[in-house]
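The values are calculated or read from the model by the stated rules, or taken from the named source; none is laboratory data. What you are looking at is a predicted structure, and each value in this text was computed from that prediction instead of being measured. Note that we place each Cβ from the backbone using ideal geometry, even for glycine, and neighbour counts take in every protein chain shown. Please note that ligands, DNA and RNA were not included when accessible areas were found on the heavy atoms of the full protein model with its side chains. Shrake-Rupley method; radii C 1.70, N 1.55, O 1.52, S 1.80 Å.
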Amino acid sequence: MRRVLVLGTVIGLAAVSMVTFGQAPTGPSARAIEATKIEKVKENLYIITGSGAADQTAFSGGNTAVFITDAGVTLVDTKLPGYGPTLLERIKTVTNKPVTRIINTHAHGDHTGGNAFFGPTVESIVQENAKKNMTGQPEYAGANARFLPTRTYKDKLTVGSGRDQIDVYYFGRGHTDGDSFIVFPALRTMHVGDIFAWKALPYVDASAGGSVVEQPKTLAKAVATVKNVDTIINGHIPVSTWNDLKDYADFTGDFVAYAEASVKAKKSVEQAAAEYKVAPKYKGYVVTIAEGFVSPKGNLQMAYDELMKK
Ligand SMILES: [Zn+2]
């Protein structure tokens, strides 16, 4: 529990600074690089951890997937700016193949910051709304626009074939309006990024098109559509399972149902937040992250705003 809270603080603060685009990145600390480990998930698939750090100076961004194909390495997510060299160093411990493709789960800087390091000629893929979100950021202004993703899709994209096949899906709004679900069918594994970042209330970025109310529907659509996956790579926690994803869809759905019932009962956001409890079946879940960066009150306020607009 405590570990999750500490980790949450780390994530929260990084996310806050990431939202405040335009700040000069301070660069990776030695401890952050030290905390970045490459771990095997399945044959030819690894993650480079971005979390599990014991303090804020050791936070490097979201989990990076390293998928080794015949043609080269596909990366999913590239951590904060400045982590390109560390990613490459870790990759070199498991393969000599070059990085030939990057897929970003969404636009946020703690998942896309290392893209530029791999150069403008590497194929890079995001959902079309994520590219829109990236286009507005100062790090892609002027000459840096050449580091914007080279390829987008709307609902589904398949790249590679056979054991190298990757299916990329968009199922709707959630953490942002451009969250991809990236499936490695041969390995029964899916990277879900921050639409399931942790076992806690979600961080929803309304400024990037995110939606508290839509998120459970999007997750349920993923659960109903994607087949033959047993392993989930999350945004900011260790690898989880298909059942964990199903639980998270239910957990976020229950939260929205609670918000709807509270609106109906004419409860204030404050009252509804004070009375909110996680059902015991969601073991290990926490509700507050980073001392209120994510909280029942914040998420209920967003849900109320969305529900009242309907
Ligand atoms: Zn994010």
In the Gaussian network model of the chain, springs joining C-alpha atoms below 10 Å, which of 76, 229, 126 carries the largest mean-square fluctuation? 229
What is the ratio of the Cα radius of gyration of segment 157-250 to 2.2 N^0.38 Å, with N the residue count, to two decimals? 1.02
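Please state the relative contact order of the chain as a whole percent: Cα pairs under 8 Å, 6+ residues apart? Write out the running numbers ahead of the final one.
Numbers: 637 pairs, mean separation 44.5, N = 310.
Relative contact order, the chain: 14 percent.
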Label-to-label distance, nm, for residues given as residue 88 and residue 221 (7 Å Cα→Cβ offset): 3.8
For segment 244-310: relative contact order, % (alpha-carbon pairs under 8 angstrom, 6 or more apart): 34
Can you list the lysines whose alpha carbon sits under 20 Å from that of residue 42, skipping same-chain ones fewer than 8 residues off? 92, 97, 227
Between residue 156 and residue 274, what is the label-to-label distance in nm when each label sits 7 Å out along the Cα-to-Cβ direction? 4.9
If we count GluC sites (Glu not before Pro) as exposed when they sit in a DSSP loop and have at most 16 other beta carbons within 10 Å, what is the longest stretch of the chain that avoids them all? 44-290
When the C-alpha atoms of segment 58-159 are aligned to their principal axes, what extent does each axis show, in angstrom, from largest down? 35, 34, 23
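Using 23 Å as the Cα-Cα cut-off, could you pick out the over-long pairs in 40/131; 131/154; 246/309; 37/277? All intermediate terms of the calculation are to be shown ahead of the outcome.
Working: 40/131 30 Å; 131/154 11 Å; 246/309 28 Å; 37/277 35 Å.
With Cα atoms farther than 23 Å apart: 40/131; 246/309; 37/277.
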Can you give me the angle between helix 2-19 and the longest principal axis of the chain, using Cα atoms only, in degrees from 0 to 90, rounded to the nearest 10? 70
Cα centroid separation - segment 30-108 against segment 164-202, whole Å: 16
Kirkwood-based Rg/Rh on the Cα set of the chain evaluates to 0.95
To the nearest 10 Å², what's residue 37's accessible area with a 1.4 Å probe? 100
Beta bridges by DSSP in segment 58-126, antiparallel share as percent, to the nearest 5: 35
Rounded, prolate or oblate: which one fits segment 102-153, using the alpha carbon gyration tensor with axes a ≥ b ≥ c (rounded when a/c is under 1.5, else prolate when a/b beats b/c, else oblate)? rounded
